[in-house]
Protein chains: 2
Amino acid sequence: MIIENIQSPADVKRLSLEEMAALAAEIRTLLIEKVSHHGGHCGPNLGMVEATIAMHYVFSSPEDKIVFDVSHQSYPHKMLTGRAGAFINADHYDDVSGYSEPSESAHDHFIIGHTSTAVSLAGGLAKGRDLKGEHGNVIAIVGDGSLSGGEALEGLDWAAELGTNFIIVVNDNQMSIAENHGGLYQNLAELRLSNGQCSNNLFRAMGLDYLYVDKGNDIGALIDAFKKVKDTDHPIVVHINTLKGKGYAPAEQDKERWHWSAPFDSATGELLHPAPAETYDELTAAHLLQRMKQDPAICTITAGTPGIWNWTPERRQAAGRQFVDVGIAEEHAVALASGIAKAGGKPVFGVCSSFIQRAYDQVSQDLCINDNPATLLVLWGSLTSMTDVTHLCHFDIPLLANIPNLVYLAPTNREEYLAMLDWSIDYREHPVAIRVPFGPVAAADRPVPTDFSALNTYEVVCRGKDVAILALGNFFALGQQVCRLLEGRGIHATLVNPRFISGTDAALLDSLATDHRLVVTLEDGVLDGGFGEKIARHYGPTAVRTLCYGARKQFVDRYAPAEFLAAHRLVDTMIAEDIVQSLSASH
Amino acid sequence: MIIENIQSPADVKRLSLEEMAALAAEIRTLLIEKVSHHGGHCGPNLGMVEATIAMHYVFSSPEDKIVFDVSHQSYPHKMLTGRAGAFINADHYDDVSGYSEPSESAHDHFIIGHTSTAVSLAGGLAKGRDLKGEHGNVIAIVGDGSLSGGEALEGLDWAAELGTNFIIVVNDNQMSIAENHGGLYQNLAELRLSNGQCSNNLFRAMGLDYLYVDKGNDIGALIDAFKKVKDTDHPIVVHINTLKGKGYAPAEQDKERWHWSAPFDSATGELLHPAPAETYDELTAAHLLQRMKQDPAICTITAGTPGIWNWTPERRQAAGRQFVDVGIAEEHAVALASGIAKAGGKPVFGVCSSFIQRAYDQVSQDLCINDNPATLLVLWGSLTSMTDVTHLCHFDIPLLANIPNLVYLAPTNREEYLAMLDWSIDYREHPVAIRVPFGPVAAADRPVPTDFSALNTYEVVCRGKDVAILALGNFFALGQQVCRLLEGRGIHATLVNPRFISGTDAALLDSLATDHRLVVTLEDGVLDGGFGEKIARHYGPTAVRTLCYGARKQFVDRYAPAEFLAAHRLVDTMIAEDIVQSLSASH
């Protein structure tokens, strides 16, 4: 194989056009093979094979710096920069991450996993180059839906003022994760139809020079274009028209399904391990659709990620104008929800824990200062949901629970979750966020209320003495298990379901102080700024001791969830042991 | 005066063009009079007088809903919607806020103070109207620099898909707070020069219909334009060319100076109470400029607010390409800083505490995951700096201090601050944020180190016993004062300057446990998710008690700082009293 002889981009420069075409085919085969066994981003990488080869043919990385937005389309780049082994040899699949990673290679400049960041980050490289009087091309690759994010648009607007070399490759594959949304994509379509010649041009309107490449999967055409812009003395956009999923028929046909895939049978495209029929994502979409049919004021919102909570194309169609995909634009999504709520509508914005980070100010200013009753569904908030450093879902509790007016709820089972969701849709007093449970669906083992408007009232599930365990949301089952272990040690613990992440039940906490010496908190997130610290502050002036369980503040990458939990003593036997020791020490 | 007969917008509709012109003059006189005595936003309001009158003449608020971006240009709107008394009568100046405020009037729909939000919020009103089958015009007013913010661009992109009535008025006064930055403003200039006819049009490129009004301070022309778009069945941009500061000669001439003003002599424009010669803002700009002259790698960044930290036009010019104003685009500013740092530059991004909220994800993902050594200067972080609910500077500690890798420092005096700034500029290990002290400049009363790379080591200023006071940043002087009071009660307290907001000095805290029964934390911010809670968690498992002082989690508006502090017992005598009581109770 040609790929086996590519140790660095210098080897690409020695290839003929025919050899590069053969190399592209090899890369595709390896991509499909690895993703089918290992899971990963499929369509975005398949569409970028030729452009990546052409870039490395024309530019000289790492002196010329290439920055991939989201970087889930950087697999071909990894193969051409000394990391092909991680795609050829199944034993080495895990040697590289699914994103660009400076610790792997000098050809990667940033760890990037959230969208819409490349223009700004690469712009910084260009500005730094200029400050230091250095030279070289800086190339940002955006697109695949990331153009609609505010940060990308801010970056494009700023780039026009740089005045020096800066190349922005817009990978226009006519898709986001799902279909594209937003007016700017109409302009991209016009540009494609007019071969880049239509008078109205978003990029020129932002002050940027512009070049169109219609055959974005043709290595020769791409090489010609990149040669034209190489060593440019000003910022320029190179708009390339690519086919997402190119070369794998199922991925070309159903681009949304094949944006990312769990391991699959490459012959049929069928998943090797289909998802269980009942998941919290599935429950949510099914329940909301049913509610929406009955109540035309309910409006479900996604920011470019309908699939992660099972809003299939069929469901989206059934929901009609009551389902809004704003594209990758979380800031807008939150403000839109606030406006809809103000107008008397009932918006429900579902967003992954890692991505709600992109809208802190909108949650605070647009939503919570205005106290408009929108619902936010925070998906996958957990220490064990996503283990790539760029997609950690550890931080939503400190992020959201410290914003005034927001009611942040942590349901512990299916029935409680749906009751909270139903309640929040019709509640008109405050915005409500719900940390949707993560993990296997658990059925209720006790009655569930339908009204949660007595804010910050915790549920005492079992009243014991000496030690109370406040087991939040996903970790309620862990708390139950600790109680069972303690019972075996002759300790009859109190078990509390706090339900409210964003407030303390002072009356209950004070009442526990009468016959409890120790209060333990369990939360499925980072400790710093989280739930447990509020409990520790509450008991600070008293003789009650507190033990907070959760994760240390740190960025971790590609970790094994069970080991991670054990390293934080988030294991029933360890917690029970700690409690026994603490109780005997404080006697 | 005509204005005295305007009880509601209905009264505007009865006026002739001549009467409206006279009304505009009256409004200007009242604006200048009130702002000269009371302080407030000057230029933005002066430029919008005619447009506001024309809107109320054509549309029927509140059935038609008008949403002002930033809303610091809503004073004329307030005058025409039953609140003129708050501008006519000095005794009633404080009856209204400086921003739109639904609790004041049904003509205001949101509390808005951060920029770039109106398209999304008003878009939500339009979507809510459609969901409920209602009617009426929805009008968003943007501009005055706010167009460059990512949220505004996300909103514009989305608006094209709404498909129903939505009017976006772009108030193009050719200014941000300072001069405009970004490529899109070149397009606005082209549009102005071509009377809206140039082929390249940012708004059309975003899929929106478009109408240009050259005479944006001509009531007749504005009425004609608004009549054309009233009851439109699709989204349309009305681009109006206005003069910021119109009608007040000093404000027309120096638009940056007159964006906002403290009380001034309306005859001369001179400030009634000039700022003291030495402020932390002034120190910062002067010090940075000096450093930048010596080191071409240093790059100072602002996001549209150079004036708030004394980056005067003269200083900006002296700094040349080492000073970058990215426009109102905080997300881009943070990512840019990360890129510059990665390239070996030394970026310093200065940003108000309230506005760093707009870039949480960029601080986390673009900067801290990548661990690039940029410096963030967080300005005005304090409970007593800005007292408008939209501009509270209470939340930066929970926001930033819980992000991994970020070193967040709290200097306690001038020398320590400048030492930390110098250190952070050259430090290459981690990103550093510095909470720039707020309030009168304090000179050092003890030696200051020049190296802070031993992270999370607190300074023990005075070693006593029984009680330790951890007095963070701005509240160090408060801690000193409490110690003095305790000394008078025979209690020799330990005083600690924590210096590091983002980490705990476990060794020191553990050593205090040997002979201290109580640890007190003082922080100039909200308690929830803050510094004190980390200390409470640390001591949770021990017999050491903790008392945390700071503010409750809440949104407050236009409060008196001294009363606010007293309500939170943030007063030396109260704290000393609490400590005495706590020590005697825990004996």
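Brief remarks follow.
- Global form of segment A:347-396, assessed from the alpha-carbon gyration tensor, a/c cut-off 1.5: prolate
- The Cα atoms of segment A:156-297 define a convex hull whose projected area, averaged across directions, is 12.8 nm².
- Label point 7 Å beyond Cα along the C-beta direction, distances from A:Asp233 to other copies (nm, shortest first): 5.3
- Per-residue packing, averaged as other Cβ atoms within 10 Å, sorts the ranges B:473-480, B:326-333 into the order B:326-333, B:473-480, beginning with the highest.
- In segment B:83-178, a dipole from Cβ-located charges (positive for Lys and Arg, negative for Asp and Glu) runs towards its positive end, and of B:Ala160, B:Gly123, B:Ala84 it is B:Ala160 whose Cα lies farthest in that direction.
- Couplings for segment B:108-116, taken from phi via the Karplus curve 6.51 cos²θ - 1.76 cosθ + 1.60 with θ = phi - 60°, read 10, 10, 9, 7, 9, x, 7, 7, 6 Hz in order; Gly and Pro are left as x.
- Counted over the protein assembly as shown, the DSSP beta bridges are approximately 15% antiparallel.
- Under 15 Å of direct C-alpha separation, and excluding same-chain neighbours fewer than eight residues apart, B:Lys553 reaches these aspartates and glutamates: A:Asp371, A:Asp505, A:Glu533, B:Asp396, B:Glu523, B:Asp524, B:Asp528, B:Glu533.
- Using bins of 5 Å that start at zero, the share of Cα-Cα pairs per bin across segment A:31-140 amounts to 2, 12, 22, 25, 19, 10, 5, 2, 1, 0, in whole %.
- Element breakdown for chain B at a 1.4 angstrom probe: carbon and sulfur atoms account for 51% of the accessible area.
- Dipole moment magnitude, nearest 20 debye, the protein assembly as shown about Cα centre, only Lys, Arg, Asp, Glu C-beta charged: 840 debye
- Between this copy and the others, label points of B:Gly85 are 8.1 nm apart in ascending order, each placed 7 angstrom from Cα in the Cβ direction.
- Within chain B, DSSP assigns beta bridges of which about 15% are antiparallel (rounded to the nearest 5).
- Annotation: extensible slack from A:Ala318 through A:Asp214 equals 33.9 nm (criterion: 0.36 nm per residue apart, minus Cα-Cα distance).
- Note on segment A:431-569: with charges restricted to the Cβ of Lys and Arg (+1) and Asp and Glu (-1), its dipole about the Cα centre is near 260 debye.
- Prolate/oblate/rounded call for segment B:296-356, Cα gyration tensor, a/c under 1.5 rounded: oblate
- 10 Å Cβ neighbours from other chains, averaged over peptide B:172-182: 1
- Per the axis that maps chain B onto chain A, nearest residue of B (Cβ criterion) and its distance in Å: B:Gly150, 1
- 3J(HN,Hα) from dihedral phi, segment B:297-304, Karplus parametrisation 6.51/-1.76/1.60, rounded to Hz, x for glycine, proline: 7, 6, 9, 8, 10, 10, 10, x
- Other protein chain Cβ atoms within 10 Å, averaged over every residue that makes up A:155-167: 5
- Per-residue packing, averaged as other Cβ atoms within 10 Å, sorts the ranges B:115-128, A:548-561, B:535-548 into the order B:115-128, B:535-548, A:548-561, beginning with the highest.
- Amide H contacts of B:Leu472: B:Leu522, each under 5 Å away and 5 or more positions distant or on a separate chain (H built 1.01 Å from N in the peptide plane; Pro and chain starts excluded).
- A Förster radius of 30 Å, combined with the Cβ-Cβ distance separating A:Thr232 from B:Asn195, puts the computed FRET efficiency at roughly 0.40.
- Prolate/oblate/rounded call for chain B, Cα gyration tensor, a/c under 1.5 rounded: prolate
- Dividing the mean sequence gap of close Cα pairs (under 8 Å, 6+ apart) by how many residues segment A:390-460 holds gives a relative contact order of 35 percent.
- Gain in span if fully extended, B:Arg552 to B:Ala25, counting 0.36 nm per residue against the direct Cα distance: 185.3 nm
- Interchain or long-range residues, amide H under 5 Å from A:Thr546's placed H: A:Val519, B:Thr542
- As a rough guide to protection, the peptides A:39-51, B:334-346, B:274-286 ranked by mean Cβ packing within 10 Å, highest first, stand as B:334-346, A:39-51, B:274-286.
- Computed over chain A, relative contact order equals 10 percent, with contacts defined as Cα pairs under 8 Å that lie 6+ residues apart.
- Rg/Rh for the protein assembly as shown (Cα atoms only, Rh after Kirkwood) is 0.96.
- Charge dipole of segment B:215-276 (Cα centre as origin; +1 on each Lys and Arg Cβ, -1 on each Asp and Glu Cβ, all else neutral): 200 debye, rounded to the nearest 20.
- Surface per residue (accessible, 1.4 Å probe) for segment A:326-405, Å²: 10 Å²
- For the pair A:Asp445 and A:His37, a Förster radius of 56 Å applied to the C-beta separation gives a FRET efficiency near 0.90, rounded to the nearest 0.05.
- For the segment B:131-140, counting C-beta atoms of other chains within 10 Å of every residue's C-beta and taking the mean gives 3.
- Per-residue extension of 0.36 nm, minus the Cα-Cα distance of A:Phe564 and A:Gln294, leaves a gain of 92.8 nm for this segment.
- Copies compared at A:Asp265 - label distances in nm, ascending, label defined 7 Å from Cα in the Cβ direction: 8.8
- Straight-line reach from A:Lys132: taking Cα to Cα under 23 Å and skipping same-chain neighbours fewer than 8 places apart, the lysines in range are A:Lys65, A:Lys230, B:Lys293, B:Lys342, B:Lys346.
- Helical segments meeting 24 Å axial Cα length and Kyte-Doolittle 0.0 threshold in chain B (DSSP H): B:17-38
- Where only DSSP H runs of four or more residues are counted, chain A gives -10500 deg cm²/dmol as its mean residue ellipticity at 222 nm, each run worth -39500 (n - 2.57).
- Length-normalised contact order of segment B:211-308 in % [C-alpha pairs under 8 Å, at least 6 apart]: 16 percent
- Interface size A-B, as summed buried accessible area [1.4 Å probe, Å², nearest 100]: 8900 Å²
- In this structure, the amide hydrogen of B:Thr494, modeled 1.01 Å from its nitrogen in the peptide plane, lies closer than 5 angstrom to those of B:Gly464, B:Lys465, B:Val467, B:Ala468, B:Ile469, counting only residues at least 5 positions away or on a different chain.
- Simple spin-label estimate for A:Val460 and B:Asn89 gives 5.4 nm between the two label positions (7 Å along the Cα-to-Cβ direction from each Cα).
The values are calculated or read from the model by the stated rules, or taken from the named source; none is laboratory data. Keep in mind the model is a prediction, meaning the values are calculated, not measured. Here the Cβ is made from the backbone with ideal geometry for all residues, glycine too, and neighbour counts use every protein chain on show. Surface accessibility is based on the protein's heavy atoms, side chains included, excluding ligands, DNA and RNA. Shrake-Rupley method; radii C 1.70, N 1.55, O 1.52, S 1.80 Å.
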